[in-house]
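Heads up, the thing below is written out as structure tokens.
The values are calculated or read from the model by the stated rules, or taken from the named source; none is laboratory data. Quick caveat, the model's predicted, so the values are computed rather than measured. Here the Cβ positions follow ideal geometry from the backbone for every residue, glycine too, while neighbour counts run over all protein chains shown. Just the protein is used for accessible areas: all its heavy atoms, side chains included, with ligands, DNA and RNA removed. Shrake-Rupley method; radii C 1.70, N 1.55, O 1.52, S 1.80 Å.
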Amino acid sequence: GNIGHAQDMANIVRLAKRLNSCGKAHLILVGQGDEYEMVDEAIIQYQLRNLTLMPSVSQDKYREYVASADIGLFSLSKKHTAHNFPGKLLGYMVESKPILGSVNLGNDVASILLDSKSGLVSFNGDDDQFLTDALSLIENESLRKKMGLNAYALLNNTFSVDKAYQVICDSYLATHSEL
């Protein structure tokens, strides 16, 4: 994915620093972007043994990585002023992964994930809550599994082709009730 300003990679680095002593946590970032070098340098500077940075890979290889992960991670810059739904969330949902996120204030992706119990989401800048959420998912396998199943259900109930078809047909029928 994009490793850039829109994702606020310093947010992920701060999380990795706070998780560095947790032997159960290892973050993998795959992609490219204008903050790639900053992350690479931070790994060395802070001796982050729990953070691996990899260049972009094929979609097939990326899907393999997601399938083998325990948690899907995303971060959005707190400077965003609009809603944003990262496409990578759909990939996490397909693989029944619980989602750990940090978003800008007012972003409706937080309520979507929290209401569906598909993951834990905090607001960017609340590093304590981001860490607490991460540790909750890291330490509780049953919570991960439950949220992963909920994420898959969210995908099917909200973002599937069948659901889109149903919404379009219902909307058409509502505006053309004389049919």
### Query
Could you say whether any residue in the stretch 143-164 is in a loop (DSSP other than H, G, I, E, B) and open to solvent by 40 Å² or more (accessible area, probe 1.4 Å)?
no
### Message
Please verify whether residue 25 is touching a residue at least 12 places away in the same chain (Cβ under 8 Å), of a type in the set (A, V, I, L, M) and either assigned to a loop (DSSP other than H, G, I, E, B) or touching a Cys at 6+ places or on another chain (Cβ under 9 Å) (or both), treating the condition exactly as stated.
### Response
yes
### Message
Going through 120, 137, 131 one at a time, which residue ends up being of a type outside the set (S, T, N, Q), in a strand (DSSP E or B) and under 18 Å from residue 14 (Cα atoms)?
### Response
120
### Summary
When restricted to 8, 108, 34, 60, the only residue farther than 17 Å from residue 134 by Cβ and within 14 Å of the chain's Cα centre (by Cα) is 108
#### Entry: Selection count, the stretch 1-27, where residues are in contact with a strand residue (DSSP E or B) (Cβ under 8 Å, 6 or more places away or on another chain), open to solvent by 40 Å² or more (accessible area, probe 1.4 Å) and under 18 Å from residue 87 (Cβ atoms)
2
### Task
Within the stretch 118-145, track down each residue that is out of contact with any strand residue (DSSP E or B) (no Cβ under 8 Å at 6 or more places or on another chain) and under 23 Å from residue 159 (Cβ atoms).
143, 144, 145
#### Entry: Among the residues listed as 91, 72, the single one being open to solvent by less than 50 Å² (accessible area, probe 1.4 Å), within 23 Å of residue 141 (Cα to Cα) and in contact with a strand residue (DSSP E or B) (Cβ under 7 Å, 6 or more places away or on another chain)
72
### Single condition residue 81 does not satisfy, out of (1) of a type in the set (S, T, N, Q); (2) open to solvent by 70 Å² or more (accessible area, probe 1.4 Å); (3) modelled with pLDDT of 95 or more
(3)
### Residue match in the stretch 3-11 (condition: small (Gly, Ala, Ser) and either in a loop (DSSP other than H, G, I, E, B) or in contact with a His (Cβ under 9 Å, 6 or more places away or on another chain) (or both))
yes
